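Notes follow the structure.
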Amino acid sequence: MRDQELRPDASTATPGGAPDPRETMRVLPGFLQPALTWLTGKPLGDQRPWQLTPLHHLWASVLPIVAGIALGAAVVGAGWWMLLLPASWLLTTHGIRKLRVMIVHQCSHANFLRRKQIDTAIGSAIALLLVTQEYGEYKSEHVSDHHSSNHMTLKDPTVQFLMLVLDMRVGMTRRQLWRRMLAGVFSPRLQAKATYSRIASHLRGTAAWYRTLFLALVGGQLMVVIALGIWVEYLVVWVFPLVFLFNAAATIRLSSRHIFPARGPVRKGRATVAGYTHGVFFGEAAPGPDVSGVRRVLSWSRWWLRMLFVHLPARLFVFVGDGPCHDYHHRFPRSRDWANYIFARHRDIAAGHPGWPPYTEVWGLVAAINAVFTTLSAADRQLYDVSQVTSVSQQELLSAFEE
């Protein structure tokens, strides 16, 4: 089954519509259903809601980093065992990305523990330790540019990143846009600019004590590495996922997150918010009961291989945390139930999404990227006339990377 294009959420679809891929997985054993709910980002219609807390997501971010570093340190230089390095990188990058795009994100909305000073302290500490964009700068830009009337305009850092950094343009074919994205993922120049900007944000406009602390942490880390003589381990196990893989995942995420408005009158209010975002779920319909014999074995084998080696890496690497339900966040940016985002979105749909247009969804990373590129290709040229923006500052580039 190919990844599906943008469509009404199957939870709200009329009878006779395409089956919800998640519901087709009901035939699998019950003990697998929680894992499938997390992987897909969508629950079964009658599944009992989870009761997770913000601290659960904090630990679920830190533990993959610890596991990834431990695995990587154990296999570096260990012959064939080094084939496990991709698993180490995936775990480490997942934890780093989740800390950044979920924990720090909720802190920026004063919504992690809903205690402003504590949320600020947590967000600042994570940004400092991971050398991502300085927290105060990120918080200001995220709220003013992404959750405002500037959303999906040329003032939005996400749009500026796609059009002025990756050089995407209205009217390009999807193939051309894919090439621009992939070139950006592997661009040494873009990697260098993004990394420099991450470091510079901690030294630009911050207090003297903060700059001293930042330099002391970086310097202390390097001194430990030199003293222990673990440069190879440090660069391979930590720096590579922290820098290259983090930036690569951000580039792909920015190319799959928000769809562009159709030509015509600009929508306003809730219709605008709903129209720019959609659910992105991972998986595909399980083989049906009509498949039998050898064909059934082959169908289920193919299904498991794609779930484990296509959809699972995409979920861990790109759409971490509440990424699949990003549309719910834009509708309710300060939801108290953000820690149970999968079920919060499902509950809103079950209630008839009062006051809001219906939810939409895509299944699969490729479909999510295609949804963005299809709408970008057909967008209004006047609305996205890049000649109106002469350049992108380092700060604006970083604010896009930081999502």
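Each value in this text was obtained by applying a stated rule to the coordinates, not by laboratory testing. Nothing here was measured: the structure is a model prediction, and the numbers come from that model. In this analysis, Cβ positions are derived from the backbone assuming ideal geometry, glycine residues included, and neighbour counts consider all displayed protein chains.
Summary table
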item: Prolate/oblate/rounded call for segment 119-234, Cα gyration tensor, a/c under 1.5 rounded; result: oblate
item: Charge dipole (the chain, unit charges on Cβ, about Cα centre) - positive-most of 307, 272, 136; result: 272
item: Radius of gyration, Dmax [segment 201-281; alpha carbons; angstrom]; result: 21.1, 63
item: The chain, dipole about Cα centre (Lys/Arg Cβ +1, Asp/Glu Cβ -1), debye to the nearest 20; result: 260 debye
item: Under 28 Å from the Cα of residue 42 - lysines, other chains or at least 8 residues apart; result: 98
item: Neighbour cut-off at most 16 other Cβ (10 Å), DSSP loop, trypsin sites (Lys or Arg not before Pro), segment 233-332; result: 263, 267, 268
item: Computed over the chain, the ratio Rg/Rh where both radii use C-alpha atoms and Rh is Kirkwood; result: 0.96
item: Viscosity 1.306 mPa s, temperature 10 °C, Stokes-Einstein D of segment 248-296 from Kirkwood C-alpha radius, µm²/s; result: 108 µm²/s
item: Simple Cβ-charge dipole of segment 301-369, Lys/Arg +1 and Asp/Glu -1, about Cα centre, in debye nearest 20; result: 120 debye
item: 19 Å reach of a label modelled at residue 67, 7 Å along Cα-to-Cβ, counting backbone N of segment 94-110; result: 94-103
item: Net lengthening on full extension, residue 121/residue 222 (0.36 nm per residue, minus Cα-Cα); result: 33.9 nm
item: Linear extension gain, residue 38 paired with residue 176, 0.36 nm per residue minus alpha-carbon span; result: 46.4 nm
item: Inter-label distance, nm, simple model (7 Å from Cα along the C-beta direction), residue 55/residue 200; result: 4.0 nm
item: Whether segment 222-332 is rounded, prolate or oblate, judged on the alpha carbon gyration tensor where a/c under 1.5 counts as rounded; result: oblate
item: Per residue Cα convex hull volume in Å³ - calculated over segment 53-132; result: 74 Å³
